[in-house]
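Structure record follows, encoded as structure tokens.
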Amino acid sequence: MYKQECYKIFTRKSLYFAFLLFVLFMVILPGGSTPIIQTDEYQTLYEEWRGPLSRTEIDLANQKLEELQNRIDQEMEQTEDLEVVFPPQSIEEQAAFRVYSSVASIGRYIDSFQQRKEDLQEATRGSTTTAYESEEARLELNMLNELGQPFGFYNTTAWGNTVDFINVFAFIILTILIVLGLSPVFADEHSQKSISLIRSTKHGKRKIVTTKILASCTYIVSLFVTLHIINVALEVRKFGALMDGTVPLQNLFLFIQSPFSLTIWQYYAIALGIQFFASLVIGLLVLFLSIVTRNGMLTFFISGAVIGTPFLFRQLGIDQPFIQYVTQFSYAELMRVKGLFDQFVAFPLFDQPVLYPVLLISTFLLVAILTMYLIYHQYKNQQIMN
Amino acid sequence: MRLTIEKISKTFKDKQAVTTFSAELTEGVYALLGPNGAGKTTLMRMLADIMKPSSGRILLDDKDISLMGDHYRDILGYLPQEFGLYKNFNAIRFLSYFASLKGLDKEKAKTRVEEVLKLVNLQKDRKRKLRTYSGGMKRRLGIAQALLNDPKILIVDEPTAGLDPQERVRFRNLLSEIAGDRIVLLSTHIVTDIEYIAKEVLLMRQGELIQRSTIEKLLESVEEKVWKCSVEQGALSQLQKSYKVGNIQRAESGIEIRIVSDVKPMPNALSVSPTLEDVYLYFFEKEAEENV
Ligand SMILES: Nc1ncnc2c1ncn2[C@@H]1O[C@H](COP(=O)(O)OP(=O)(O)OP(=O)(O)O)[C@@H](O)[C@H]1O
Ligand SMILES: [Mg+2]
């Protein structure tokens, strides 16, 4: 039964077609490191500066940057030719500019990190805050203290791209292909008029549901694994290798404000895990709709709307409090993962702050269990009218 | 084994499809006969456990089938009137799938699939994709599917629709062969299908069971009521208005018609021995008139 259920899903050509289209898109997508990073000049300087940064190093970088800036300004004044907006710089200058400005901005991150800790310290004392707010501040402060000082100078572009893939393309591609692939799982039995045959068999009311869920999971697993392997392969092809995965997550630009004490590697593993979990939860949603609507097309559009609307709200920047809740606790946010980890968010639960990711994942665990129950319940009590 | 249908009714929004239908079935072939829309399919769906009665119960050996669940469907074979096959499956894959749905273990399934393919004469086409099957072949595969688990209760809804005469005979023989120790309920419009094999005929009209009897008794009940006579072309339409007219046959000397009537329709009418078709006319023609 399992084999045939898989066969039904995996023999749909449109799925392969859509998948290949997406992969093609990924391949032709521009990316890769900027040319300057690949120069020996940059690499030498990078090796010199790479690693955690001390105060003096940052000051030095700022100083050098200023010198460089002045020199460029002077050259600009000297240039008669108005056609040239930027005077030609030597490779060395470009590389130096790049390194020093990176180090300088890391210095600013460190400053605001310190500032944040001080603000939180203030908030925990509770003179101007409510009891809950200071509770929340204490929680965040503890996390930041545990983090130590995470920033350093590392070239994490390759990792940045790999991780970013999860919240943009993987989110879109997986969602579309899951919805596309699973919408017909139950609905097609109606459109193909095989449902009365199935439901009059011994296992046609319970075990078939389990089998269809398993086959759907198989589809999701193969899709998920293939997609992420392809992505990693493409990134490695672009950058040569994934470097510096063992440095703190905060060294990725998207996660500068993250309070979580994780290395990039650990984050990547966790994010994949969560995205996989989200894929399964979305799969269950689609299966449920497929049972209720008895129509693949309708399932496709309703699932699309349920998942897409909160995402759209977010992209459009609609931020009424209620809408914000809807957005934060949506399938899309779970699937994108990034929003769970890129900053400190907590919600009050019985007057205690609970971290957003913990709450979101627990919520969707409940949603998954509920959906599973509804799937079995709904299918069992369905009647065949035509 | 005793299948008891206890006052079941089925109401769709505003339409009563089956009305307090009661019957008790034991081993043997039962034919369900009735005009279009009589409620045969609806009744069979409830017996196949894919539709719930609005009221009433169905009992197998005094156990409610809705409580038996899997155990009931385990001994059930059902061929719906309308069904679809997976177009990109071949017959083997299709039957293996249903074998596992019916809980046959792998080894058993393999031999059983070959057996039922042979029963419906589809061995030669067993590797062909189902999208290339003709209407009759599809129905035969449906029959094969229903027989997979060697069901104790077989419910077949117009199983012979679309079958050629040869396959129809084959199916009829198949049914009488296997009916000895199981309950078979079969609906049809083709009365010759049941002539030789039905233990009893259930006549159904507008959701109700109007008559239940053996074929002999049914034939007896229209004895002396079937007439054959020759008429002029002009008189035909008048006769059709006042009598249940069966076969109309053009002969050299005008038109020969068959009339089912309690009284002798015309002086020159000859009494002839009735067939099941006459029985059908006798019980259902009135309805046909009403519908016109
Ligand atoms: N799903 C449904 N919704 C509403 N009415 C229905 C539904 N299914 C059947 N009916 C109605 O119930 C009545 C009985 O239908 P059913 O299909 O049981 O008849 P039948 O005896 O099988 O007819 P046929 O010989 O044409 O197959 C019909 O009047 C039909 O219109
Ligand atoms: Mg019918």
Worksheet item: Does the stretch B:77-95 contain any residue that is within 16 Å of ligand 1 (Cβ to nearest atom), loosely packed, with under 15 Cβ neighbours inside 10 Å and within 11 Å of chain A (Cβ to nearest Cβ)?
Response: yes
Worksheet item: Would you pick out the residues in the stretch B:133-150 that are away from ligand 2 (no atom under 16 Å from the Cβ) and charged (D, E, K, R)?
Response: B:138, B:140, B:150
Fill in: Options A:284, A:312: the member that is buried (at least 20 other Cβ atoms within 10 Å of the Cβ) and in a helix (DSSP H, G or I)
A:284
Discussion item. Residues that are under 15 Å from residue B:80 (Cα atoms) and either in a helix (DSSP H, G or I) or modelled with pLDDT of 95 or more (or both): does the stretch B:117-129 have at least one?
Written reply: no
Worksheet item: Of the residues that sit in the stretch B:4-51 and are part of a loop (DSSP other than H, G, I, E, B), over 16 Å from residue B:156 (Cβ atoms) and within 13 Å of ligand 1 (Cβ to nearest atom), which one is farthest from the other protein chains (Cβ to nearest Cβ)?
Response: B:35
Worksheet item: Out of curiosity, is residue A:270 surrounded by fewer than 22 Cβ atoms within 10 Å (Cβ to Cβ) and at negative phi?
Response: yes
Worksheet item: Which one of these is over 25 Å from the mean Cα position of the chain (by Cα), hydrophobic (A, V, I, L, M, F, W, C) and over 30 Å from residue B:16 (Cα atoms): B:89, B:94?
Response: B:89
Worksheet item: Can you tell which of B:153, B:197 is in contact (Cβ under 8 Å) with a residue 40 or more places away in the chain, in contact with a helix residue (DSSP H, G or I) (Cβ under 7 Å, 6 or more places away or on another chain) and away from ligand 2 (no atom under 16 Å from the Cβ)?
Response: B:197
Worksheet item: Among the residues of the stretch B:163-183, is there at least one that is away from chain A (no Cβ under 14 Å), surrounded by 15 or more Cβ atoms within 10 Å (Cβ to Cβ) and in a loop (DSSP other than H, G, I, E, B)?
Response: yes
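Which residue is nearest to residue B:156 (Cα to Cα), if the candidates are limited to the stretch A:200-217 and must be within 7 Å of chain B (Cβ to nearest Cβ) and polar (S, T, N, Q)? Walk me through it before giving the result.
Looking only at the stretch A:200-217, we keep the residues that are within 7 Å of chain B (Cβ to nearest Cβ), and these are A:200-204, A:208.
Going one step further and asking which of them are polar (S, T, N, Q), we end up with A:200-201.
Numbers: A:200: 12, A:201: 14 Å.
Per the stated criteria, the residue is A:200.
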Worksheet item: Within the group B:127, B:118, which residue is away from ligand 2 (no atom under 16 Å from the Cβ), under 25 Å from the mean Cα position of the chain (by Cα) and farther than 19 Å from residue B:190 by Cβ?
Response: B:118
Worksheet, complete the sentence: Scanning the stretch B:167-194 for residues that are more than 16 Å from ligand 1 (Cβ to nearest atom) and in contact (Cβ under 8 Å) with a residue 60 or more places away in the chain gives B:175, B:176, B:179, B:180, B:181, B:182, B:183, B:184, B:192
Worksheet item: Going by the structure shown, is residue B:61 away from ligand 1 (no atom under 16 Å from the Cβ) and within 25 Å of the chain's Cα centre (by Cα)?
Response: yes
Worksheet item: Restricting the first residue to the stretch B:37-50 and requiring it to be touching a residue at least 40 places away in the same chain (Cβ under 8 Å), which pairs with a second residue that is hydroxyl-bearing (Ser, Thr, Tyr) and near ligand 2 (Cβ under 9 Å from one of its atoms) meet a Cβ separation below 6 Å and a spacing of at least six or different chains?
Response: B:40/B:187
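Quick check on this structure: which one of B:43, B:76 is closer than 27 Å to residue B:102 by Cα and within 16 Å of ligand 2 (Cβ to nearest atom)?
When all the criteria are applied, what remains is B:43.
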Fill in: Conditions (1) part of a loop (DSSP other than H, G, I, E, B); (2) in contact with a Lys or Arg (Cβ under 9 Å, 6 or more places away or on another chain); number of the one not met by residue B:198
(2)
Worksheet item: Does the stretch B:136-157 include one or more residues that are surrounded by 18 or more Cβ atoms within 10 Å (Cβ to Cβ) and among the acidic types (Asp, Glu)?
Response: yes
Practice prompt. State the number of residues belonging to the stretch B:79-116 that are among the hydroxyl-bearing types (Ser, Thr, Tyr) and not in a helix (DSSP H, G or I).
Written response: 1
Fill in: Filter result for residue A:378 (within 30 Å of residue B:47 (Cβ to Cβ) and in a helix (DSSP H, G or I))
yes
Worksheet entry | Set A:227, A:197: member being surrounded by 19 or more Cβ atoms within 10 Å (Cβ to Cβ), part of a helix (DSSP H, G or I) and away from chain B (no Cβ under 14 Å) | A:227
Worksheet item: Does residue B:101 fit the bill of being touching a His at 6+ places or on another chain (Cβ under 6 Å), under 26 Å from residue B:181 (Cβ atoms) and away from ligand 2 (no atom under 16 Å from the Cβ)?
Response: yes
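The values are calculated or read from the model by the stated rules, or taken from the named source; none is laboratory data. Fair warning: this is a prediction, and the values are worked out from it, not measured in the lab. Glycine also receives a Cβ, built like all others from the backbone with ideal geometry; neighbour counts cover every protein chain displayed.
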